[in-house]
Each structure stands twice: as C-alpha cells, then as structure tokens.
C-alpha cells in the first residue's frame, strides 16, 4: 500500500494555487507543491497559461514530488488540444499518480480564443467534450463522431482503460452554475464572492444537479478565497484592490460577479467612468502605482472585497465561515504556502 493510500491529508478541504499569477520560474511549482502537502492541504490547483505554465508539464512535476496531495487544473481549456491528446494527458497523470489528478475546465478568454483562431466554447461544446473524454477513459471507442469537437472517425485508448477522473467546471456565472451542476463533478468559483453569493452559487449548482437527476450533494463547490495575513497597506492595495479593479476593467466579467453577489451595478459604471481608471493602458494590477491604487480604492466599496484578512485567528475563522455558507472546499488565493502557514496552525486549533 502506498503512502497516498495509507494516510490522507490533514485538511482535505483546504487547497491553494501553484504558481499564482504570472511567473517566469515554473520550477517554483515543485517546492510549492511540497510545501502545500507538508502543511496538510488536500489539493493544489494550476491555472494554465500559454508561456511556461503548461498544464501537463507542471501537474506532472507536482505529482512526481508528492505522495498524498491531489493536483488539479483550474483551469485548462477543452479546445486547445485535440480531444485524444487531452484525454491522454489526463489519463497519463491519473495513472502516474495513483489517481491524484483532477481536470478543471474553463471556457477560455474570448479575446484570446479569437487571437488563437479558436471558436468560443458553448455549453453544447462542453457537454460533447465531456462525453468524448469520459468515453475514452472508460476504455470505450469513439467512432464516426462529427460535431463541436471536430471530425473524429475513430478514437480508442484501449479497452483496459478505466480512469475515473473528476472534472470540475471553473466559472461563476449564474447560468453556468446551473449547467455545471448538471454535468460536472465539482465547481471552482471565483475570488470576491460574498457569503450571500456563495449561498446563491451553492443553490444554483444544486438546482442544476436536481434538474439532471443527479445527487446535488455529490457536486463539490470550491470557494476561491483571497487571504492576507496581517496585510500592510501596500499588501491590501496590491493584493485586494488591484485584483478586484482589474476584474472590474474587463467588459462582461465583473457583471457576473455583480449578478451573483447582488451588488449595485452603478458602482461599476462609476468606476469605469473614472479618469484614472479609463486612462490605464493595461491591467490595473500590472501598471497602477500605489498612488493610483489609493485613488481607485475609494471607488470600490469595502463589501466588494470579501476576504480573509487580519490575524491568523481571524483568517482561520473566515475560512471556516466559507463552509458554513455552502463551500465544500476553500481555495486559498493570493498567498503562498509560506505566507499562510501560520493560519493553518490557527485553523487546526479551531
């Protein structure tokens, strides 16, 4: 019996990101995965980028240097690899790790899809793609298929294949949450969702699962929760204000958060009309000065920044509160394992 089989993680409900944000040093994922496992976390997530954050490569490295922790994508895309290539990547990681790999799929960014010459990913595309992947992982054949996933005359990975790989939906729009409850094993949400928004998200996922005749309790909901232990003013501005401000810049993006959280859309209108915001040549989290962030912070109501902030005890209590509001897991966002390690000790005490 392997160590992964004999001893599970201390906190299977807690997780964090590998290589959060932009990086030029992907080897950092190796130590980050080891640290997350040593802290007792149940899972790490990788958000794929098309530079040095290839999902297959980074997940393989993380799985190779750990024994208990699960490694998941959050997210990669359905249509940036041929379905046979994506299925093979996932099954390889699954068997390499003794079943510790999980797949998280997102729709992708519309502008990037266009620049890459790719179609937008519809719900129909996702349903079809899931069926192709799951068919192949069951050791069955895909024959004469023609649809959103392309022309697939014959695909087969071998009748010995039996890879039960959980697939998560990465998104947070109300319609998408119902859809995810119908088809996925889990839902990976978004930063800055309020307690009420989390409750609403859980209800929408359950509604979708029930409509599809599925067990609503079987679809796991993961809250992505910004965390900052005793943040300085600069930390607060760069990790909280700048992150939310960048979301608010993107057309159509913040609107989904507003709909889920029940916020006033006029706040967003005023934010985008602000002279400093409209003059930004790039993402606010990348180009804004501290002086500009101070000004921008006045445009964002404090209640629009729900997060775990303060002492280790306060942060641990905030994590626990996410479970009281419908989360099955908390994804610690905006802090590295080294930074949030003291919060783990406080959480253990709870």
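Worth pointing out:
- Checked against the criterion of being under 23 Å from residue 101 (Cβ atoms), in contact with a strand residue (DSSP E or B) (Cβ under 6 Å, 6 or more places away or on another chain) and assigned to a strand (DSSP E or B), region 199-221 has at least one qualifying residue.
- Total residues in region 249-275, condition without any contact (Cβ under 8 Å) to a residue 12 or more places away in the chain, closer than 23 Å to residue 20 by Cα and assigned to a helix (DSSP H, G or I): 1
- Looking at 202, 214, 206, just one residue is more than 18 Å from residue 303 (Cα to Cα) and surrounded by 21 or more Cβ atoms within 10 Å (Cβ to Cβ), and that residue is 202.
- The set of residues in region 327-338 that are modelled with pLDDT of 95 or more and surrounded by fewer than 18 Cβ atoms within 10 Å (Cβ to Cβ) contains only 328.
- In region 222-236, the residue that is nearest to residue 17 (Cα to Cα) out of those that are touching a residue at least 40 places away in the same chain (Cβ under 8 Å) and in a helix (DSSP H, G or I) is 236.
- Exactly one residue out of 172, 179 is closer than 30 Å to residue 210 by Cβ, assigned to a loop (DSSP other than H, G, I, E, B) and touching a residue at least 24 places away in the same chain (Cβ under 8 Å), and it is 172.
- Looking across region 81-135 at every residue that is more than 23 Å from residue 17 (Cβ to Cβ) and touching a strand residue (DSSP E or B) at 6+ places or on another chain (Cβ under 6 Å), the one that is surrounded by the fewest Cβ atoms within 10 Å (Cβ to Cβ) is identified as 84.
- Enumeration of residues in region 306-323 that are surrounded by fewer than 18 Cβ atoms within 10 Å (Cβ to Cβ), touching a helix residue (DSSP H, G or I) at 6+ places or on another chain (Cβ under 9 Å), assigned to a helix (DSSP H, G or I) and touching a residue at least 24 places away in the same chain (Cβ under 8 Å): 313, 317, 320, 321
- Residue that is nearest to residue 14 (Cα to Cα) [pool: residues in region 50-66 that are out of contact with any strand residue (DSSP E or B) (no Cβ under 8 Å at 6 or more places or on another chain) and crowded, with 16+ Cβ neighbours inside 10 Å]: 66
- Matching residues, region 276-305, being assigned to a helix (DSSP H, G or I), crowded, with 18+ Cβ neighbours inside 10 Å and at pLDDT 95 or above: 277, 284, 292, 293, 296, 297, 304
- Considering region 1-94, the qualifying strands (runs of 3 or more DSSP E), each wholly inside and each with 2 or more residues that are under 19 Å from residue 109 (Cα atoms) and within 17 Å of the chain's Cα centre (by Cα), run over 41-46.
- Exactly one residue among 197, 186, 173 is modelled with pLDDT under 95 and touching a helix residue (DSSP H, G or I) at 6+ places or on another chain (Cβ under 9 Å), and that residue is 173.
- Residue that is nearest to residue 8 (Cα to Cα), among those in region 95-115 that are assigned to a loop (DSSP other than H, G, I, E, B) and at pLDDT 95 or above: 100
- Failed condition for residue 239, given (1) assigned to a helix (DSSP H, G or I); (2) modelled with pLDDT of 95 or more: (2)
- Neighbours by Cβ (under 7 Å, 6+ apart or cross-chain): first from region 132-148, at positive phi and part of a strand (DSSP E or B); second loosely packed, with under 14 Cβ neighbours inside 10 Å and modelled with pLDDT of 95 or more: 144/153
- Condition check for residue 159: in contact (Cβ under 8 Å) with a residue 40 or more places away in the chain and loosely packed, with under 15 Cβ neighbours inside 10 Å: no
The values are calculated or read from the model by the stated rules, or taken from the named source; none is laboratory data. Computed from a predicted structure; not experimentally measured. Cβ: placed from backbone, ideal geometry, glycine included. Neighbour counts: every protein chain shown.
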